[in-house]
Amino acid sequence: MNKILDGKTVVLGISGSIAAYKMANVTSMLIKLGADVHVIMTKNALNFINPITFETLTNNKCLVDTFDRNFEFHVSHVSLGQKADVMLIAPASANIISKMANGIADDMLSTTALAATCKKIVAPAMNTHMYNNRITQDNIEKLKKYDFEVIDPVKGILACRDIGDGKLPDEETLVNHILRETACSKDLKGKKVLVTAGATMEAIDPVRYITNHSSGKMGYAIAKMAMLRGADVTLISGNSTEDIPPFVNFIKVKSAMDMFKAVKENYKEMDFIIKAAAVADYTPVNVSEEKIKKKDDDMFIKLKRTEDILKFLGENKLKNQIVCGFAMETSNLIENAKEKLKRKKADIIVANSLKEEGSGFKGDTNKVTFITEDDMKALDLMPKEEVAVKLIDELMDLKDKKEV
Ligand SMILES: Cc1cc2nc3c(=O)[nH]c(=O)nc-3n(C[C@H](O)[C@H](O)[C@H](O)COP(=O)(O)O)c2cc1C
């Protein structure tokens, strides 16, 4: 998934803001993701960062002057505007926002923005008073009306030492907006996907708990890839140290019971439910309110069965809903997974063995087998994001078959 923007053209528009320096990093991140990046700067932006930086990173001429003839002949503001898959104007000064909102095209950046037919994303960055000025706010509203996507600035210490709204969000946020717009085909648009991930934690007392080794990586990768393919994703997560995928409805839970409740509240509206979480099968019968004191003899904790979330989903499946479970085994993987598929009334089980090298918990790779009622597909060892892509393909096929 490293080159997820392969074949995509991204136009970056940079205006005269102190935050312009951040765009060198954004450019570098986009190049690493495989994008063809073209940078347009306003004349005032040249005071903040040198175009050579962008030319070196992109291998493309950095455009500033609409009437520059010193490059291969074509009308750049039109051709770039047509070629672009997405245009990000960041940092967007109050001035460029005002110009774009009012159709002014008096430099290369504002002219290209007017000519571009692709999605345009704007990230305002300026002093708090400039940002809160009603004129700027009206201009931002106008841009939204004209289908620009606006990335809200964040609160922080600004270059002028004021504290407030107006700071350009970090580079990753800007890149995430571009990824959401351009990465992957949007074949899950209009679909709702529920993913559970991570490890549940079953309290023994206020200090101790029972958990497992799940990192949440597999589930988070599925949530991210489903989001990039256009789905409306809800991620219900137990313990995980993974970064929360952007643009997903994130619900944090602790115990198996919390997860069950969150799933019950959300499952009905879903097209796909993917249960990648490692949910505790047992939980302490009694949870001590006080820390249990250490004694010299052995300690026994009585455990009771938790709710079987996958079984609940299988038994309460709605028409055309696809339910996917995961099976992690140390022996008899395929037989156990086939039996789980039947017993839980799931549509598919993703089986992975803890004994297989590069597979299972924590790592970035997985080797899985998809098991359905009438088929079995063993995949090679691959990054978890690629497993996620293949799984989503498989789930789409299952849904298509169900809907015939
Ligand atoms: C040090 C400095 C920092 C500036 N930072 C910003 C800024 O973050 N946002 C902004 O809207 N204007 C900022 N300005 C003012 C703009 O550069 C100015 O309005 C300029 O005309 C914008 O031109 P442009 O939109 O064509 O790039 C700054 C000016 C200076 C001198």
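The values are calculated or read from the model by the stated rules, or taken from the named source; none is laboratory data. Remember, it's a predicted structure, so these values are computed and weren't measured experimentally. Positions of Cβ are backbone-derived with ideal geometry, glycine not excepted, and every protein chain shown enters the neighbour counts. Heavy atoms of the whole protein, side chains included, go into the accessibility calculation; ligands, DNA and RNA do not. Shrake-Rupley method; radii C 1.70, N 1.55, O 1.52, S 1.80 Å.
Return yes or no: is K355 among the basic types (K, R) and modelled with pLDDT under 95? It is true that K355 is among the basic types (K, R) and modelled with pLDDT under 95. Considering the range 82-199, the qualifying helices (runs of 4 or more DSSP H), each wholly inside and each with 2 or more residues that are open to solvent by 50 Å² or more (accessible area, probe 1.4 Å), run over 128-132, 134-145, 171-182.
No other residue among K254, K295 is within 30 Å of R229 (Cα to Cα), in the same structural domain as M225 (by TED's automatic domain parsing), in a loop (DSSP other than H, G, I, E, B) and not hydrophobic (A, V, I, L, M, F, W, C) apart from K254. Within the set N352, N336, the sole residue that is assigned to a strand (DSSP E or B), out of contact with any His (no Cβ under 9 Å at 6 or more places or on another chain) and not hydrophobic (A, V, I, L, M, F, W, C) turns out to be N352. Looking only at residues of the range 5-45 that are among the β-branched types (V, I, T) and in a helix (DSSP H, G or I), we find that the one that is nearest to the ligand (Cβ to nearest atom) is I18. Does G81 fit the bill of being out of contact with any Gly (no Cβ under 9 Å at 6 or more places or on another chain), under 30 Å from S185 (Cα atoms) and away from the ligand (no atom under 13 Å from the Cβ)? Yes; evaluated as a whole, the condition is true for this residue. Of all residues assigned to the range 301-308, none qualifies as being surrounded by 19 or more Cβ atoms within 10 Å (Cβ to Cβ) and either touching a residue at least 40 places away in the same chain (Cβ under 8 Å) or outside any helix (DSSP H, G or I) (or both). Selection of first residues in the range 31-56 that are at positive phi and of second residues that are open to solvent by less than 40 Å² (accessible area, probe 1.4 Å), restricted to Cβ pairs under 9 Å at least 6 apart or on distinct chains, gives the following pairs, ordered by first then second residue: G34/I4; G34/L5. Residues of the range 34-57 that are among the hydroxyl-bearing types (S, T, Y) and either closer than 21 Å to S79 by Cα or surrounded by 24 or more Cβ atoms within 10 Å (Cβ to Cβ) (or both): T42 alone. The residue that is modelled with the highest pLDDT, among those in the range 98-124 that are near the ligand (Cβ under 8 Å from one of its atoms) and farther than 23 Å from T182 by Cα, is K99. Scanning for something among the charged types (D, E, K, R) and in a loop (DSSP other than H, G, I, E, B), does the range 213-224 turn up at least one residue? There is no residue in the range 213-224 that is among the charged types (D, E, K, R) and in a loop (DSSP other than H, G, I, E, B).
With respect to the conditions (1) touching a residue at least 40 places away in the same chain (Cβ under 8 Å); (2) open to solvent by 20 Å² or more (accessible area, probe 1.4 Å); (3) more than 14 Å from A276 (Cα to Cα), Q321 falls short on a single one, namely (2).
Scanning the range 265-289 for residues that are more than 16 Å from K344 (Cβ to Cβ) and more than 21 Å from the chain's Cα centre (by Cα) yields E265, K268, A280, Y282, T283, P284, V285, N286, V287, S288, E289.
Each residue in the range 368-391 was checked for being part of a loop (DSSP other than H, G, I, E, B) and open to solvent by 70 Å² or more (accessible area, probe 1.4 Å), and 4 of them qualify. Can K264 be described as surrounded by fewer than 23 Cβ atoms within 10 Å (Cβ to Cβ) and either of a type in the set (V, I, T) or within 23 Å of L310 (Cα to Cα) (or both)? Criteria met by K264.
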